[in-house]
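In what follows, a single structure is set out as C-alpha cells and then discussed.
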Amino acid sequence: MGTIKAWNFLRGYVIIRVEGLTLERFLNLAASNNIYLWDINRVDYTLLEMKVTIRGFRELKEIVKKVGCRVELVEKKGLPFFIYGLRQRKMLGFGFIIFFILVFYLSSLIWHIEIIGNESVSTQEILESLEKENIKKGIIKYRLDTDYIEYKLLMEYDIFSYTSAEVQGTKLTIEVKERDLPPDLIDEDTPCNIVAIKKGIIEKVIARNGKAVVKKGDVVEKGQTLITGIISDEYSDIQMYVHAEGEVLAKTSYFYQVEEPIEKTIKVETGEVFERRELKVGDRGLQFIRGDIPFDDYVEEVREVRLFNLDIDLPIKILVHEYKELEPKIVKQNVELIKDSNHMKAVEEINKQLPAEAKIISKDVKHYVRDNKVITHVLIEVLEDIGEKRLLN
Amino acid sequence: MDDKMSNIKYNISEALELPKDLILDLPKIVMIGNIQINISNHKGIVEYTQEVLRVNSSIGIIKISGSDMELKTILSEEIIVKGNIEKVEIIS
C-alpha cells in the first residue's frame with residue numbers, strides 16, 4: 001500500500017469535491033472510463049470527496065458535463081505541484097544553485113598541503129619551493145600536475161630518493177623519502193692529505209700512497225696531518241701532489257663518568273587513599289568533588305567501574321580516581337650494587353660512541369666514594385683508524 | 001437454454017477446477033474481518049452513502065450496510081470498501 005501512496009505522490013494528485021444528485025452515476029462512469037479514483041467519501045448527501053490523478057482530473061470534465069454536477073478542487077498534492085511551487089519562488093532556486101556551485105568550487109580547491117617523510121629538509125622549505133611553482137593553498141586541484149611536482153622535488157633536492165604527490169579531496173599529500181647521503185668522497189685523482197679526526201697515540205701507519213709524516217708512538221692532535229700528499233724531492237724543489245691513501249691505526253681513549261648517590265629518597269605509599277568519582281559520557285566528564293585532596297604528595301590512579309558485566313565499550317563510564325598518599329623515605333643502597341650498575345651504565349654509554357671497527361685494548365674502571373656518592377670512572381682504550389682524507393689547501 | 005448453458009459451465013469449472021467467478025460471470029466478494037470488503041466483477045454502483053452501499057451484479061444487488069464506509073478504490077472490475085461493515089445482503 002505504501003508503494004502505491006509513494007507512486008501517487010510522485011505523480012501528483014488532487015483532492016476534489018463533487019456536488020450533485022446522481023453521484024453514483026458519476027462514479028460508475030468514471031470507473032467504466034478507466035479513471036482511477038480512490039479514497040472516496042460521502043461527506044454529505046449531495047457531496048462526494050475523492051482523490052484523482054492529474055490526468056484523471058482532466059478526463060473527468062467530460063463526465064461532469066454528462067452527469068451535470070459541480071466539481072470543486074480542494075487541494076493539490078504531490079511532487080509536480082511542489083516543483084511548480086518552487087518555480088514560483090525563483091530566489092530559492094537561485095540560492096540552491098549558488099549553494100551547489102559554491103560547494104563544488106570550494107571542494108575543488110587545495111586547502112591543505114601535507115608533507116610526510118622529510119627529516120633534514122624542513123616542511124617550510126619544501127612549501128616555499130612549491131610556492132615558486134605556484135603550488136600553494138587555494139589553487140584549483142584540477143590544474144595540479146602531481147607528476148610534475150614529483151619530478152620537480154626530485155630534481156631540486158638531491159637528498160630525496162622518492163617523492164609522491166597525491167590529491168585526496170582537498171588535501172595534497174606529498175610523501176618523500178630521504179636517502180642517506182654518503183660522505184663527500186674525494187676523487188681518486190685529486191691530491192689530498194690524511195689527517196687525524198681525533199686525538200690518539202699512533203700504533204701503525206700504512207701509507208699506500210703519499211708519505212707518512214708520523215711514526216709509531218707519536219701523539220697526534222685532532223686535525224694533524226698523518227699522511228701527506230705533498231711529496232718533495234730531496235734534490236730538487238719540485239713538489240709533487242698525490243692522492244694520499246692509507247690507514248693510520250692509533251690508540252684512542254674513551255672516558256665516561258657516572259655518579260650515583262648512596263642514599264636516595266624514594267616515595268612510598270602510606271596506604272592513605274582518597275577517592276573521587278567521575279561520570280563520563282562520551283568525551284565529557286563530570287567529576288563529583290568531595291573536598292580537596294588532603295595530601296601534599298600523591299599519585300593518581302584511574303579505575304573504571306563497569307556498569308554491566310558486558311564486554312562492550314559503552315559510551316557511559318564511571319571512573320574512580322584514587323589518590324594515594326606518598327611519603328618520602330630515605331633508602332640506603334648497597335655500595336657494591338651501585339658500583340656494578342655504574343660500571344654497566346658507563347660501558348653502555350661508551351659503546352654508543354665507539355666506531356664499529358674499533359678494537360678494544362684495555363678497560364680501566366675506578367670507583368670513588370665521595371660526598372655520599374659513588375663515582376665511577378671508566379676508561380676504555382681502543383685501536384682504530386683515525387685517518388680522514390682532506391683536500392690540500 | 002440459459003439454465004442448461006450455466007449448468008454446463010458449472011460442471012466444466014467444477015471438473016477443471018477453474019474459478020467459478022470467471023466462468024459463470026459471478027461477483028466475487030471477499031471480506032477482511034469487518035473492516036474491508038472487495039467486490040470484483042461488479043456491474044456498477046447503485047447507491048453509496050456512508051451507511052449503505054448497493055452494488056449491482058449478475059446475481060442481483062449486493063447491499064452492504066455499516067457505518068463510516070469509504071470507497072477505497074473504484075475500478076471497472078473491482079470495488080474496495082473500507083469502514084465498519086455490519087451486514088451483507090444479496091437482493092435478487
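Since every read-out is calculated from the coordinates, none of them should be taken as a lab result. Since we're looking at a predicted model, the values are computed, not measured. Here Cβ is always computed from backbone atoms with ideal geometry, including for glycine, and neighbour counts include all displayed protein chains.
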Of all DSSP beta bridges having both residues in region A:112-178, the percent classed as antiparallel (nearest 5) is 60
Output for region B:26-91 (equivalent-ellipsoid semi-axes, sqrt of 5λ from the C-alpha gyration tensor, Å, descending) is 16, 12, 11
The value for region A:2-83 (convex hull of the alpha-carbon atoms, volume per residue, Å³) is 86
Net charge (Lys, Arg +1; Asp, Glu -1) of residues whose beta-carbon lies under 9 Å from that of A:K199, A:K199 excluded, is +1
Counting as exposed only chymotrypsin sites (Phe, Trp or Tyr not before Pro) in DSSP loop states with no more than 12 other Cβ atoms inside 10 Å, the longest exposed-site-free span of chain A is A:46-234
Quick calc, A:E381 & A:E247: beta-carbon distance into FRET formula, R0 22 Å, rounding 0.05, result 0.75
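Loop only per DSSP, at most 13 neighbouring Cβ atoms within 10 Å: give me the GluC sites (Glu not before Pro) in region B:14-87, ordered by residue number.
Passing sites in region B:14-87 are B:E17, B:E77.
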Percent of all alpha-carbon pairs of region A:1-145 at distances over 20 Å, whole number, is 66
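Run the dipole for chain B about the Cα centre, Lys and Arg Cβ at +1, Asp and Glu Cβ at -1, nothing else charged, and hand back the magnitude in debye, nearest 20.
My answer is approximately 20 debye.
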Per the rule of 0.36 nm per residue minus the C-alpha distance, extending A:R89 to A:D145 adds in nm 15.9 nm
Note: A:Y162 to A:E272 extended length (0.36 nm per residue) minus current alpha-carbon separation gives 33.7 nm
If each part is reduced to its alpha-carbon centroid, region B:5-47 and region A:317-393 end up apart, in Å, by 105
From the Cα centre of region A:1-44 to that of region A:64-78, the distance in Å is 10
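Counting Lys and Arg as +1 and Asp and Glu as -1, each charge on the Cβ, what is the dipole of region A:2-83 about the Cα centre in debye, to the nearest 20?
Numbers: 14 positive and 9 negative charges, 55 e Å.
For region A:2-83, the charge dipole is close to 260 debye.
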Counting other chain Cβ atoms within 10 Å of each Cβ in B:39-50 and taking the mean gives 3
With +1 at each Lys and Arg Cβ and -1 at each Asp and Glu Cβ, the charge dipole magnitude of region A:269-330 around its Cα centre, to the nearest 20 debye, comes out at 380
Any GluC sites (Glu not before Pro) in region A:164-264 that lie in a DSSP loop and have at most 12 other Cβ atoms within 10 Å would be A:E188, A:E221, A:E234
Taking every DSSP bridge whose two residues both lie in the protein assembly as shown, the antiparallel percent to the nearest 5 is 95
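If you take the Cα atoms of chain A, find Rg, then find the Kirkwood Rh from the mean of 1/r over all pairs, what is Rg/Rh?
Using only Cα positions, Rg/Rh for chain A is 1.35.
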For chain A, whose charge dipole is built from +1 on Lys and Arg Cβ atoms and -1 on Asp and Glu Cβ atoms, the candidate among A:N28, A:S236, A:T53 with its Cα farthest towards the positive end is A:N28
What the 10 Å binned alpha carbon P(r) of region A:112-178 shows, as percent of pairs per bin from 0, is 21, 63, 16, 0
From DSSP H assignment alone, runs of 4+ in the protein assembly as shown each adding -39500 (n - 2.57), the sum over residues rounded to the nearest 500 puts [θ] at 222 nm at -7500 deg cm²/dmol
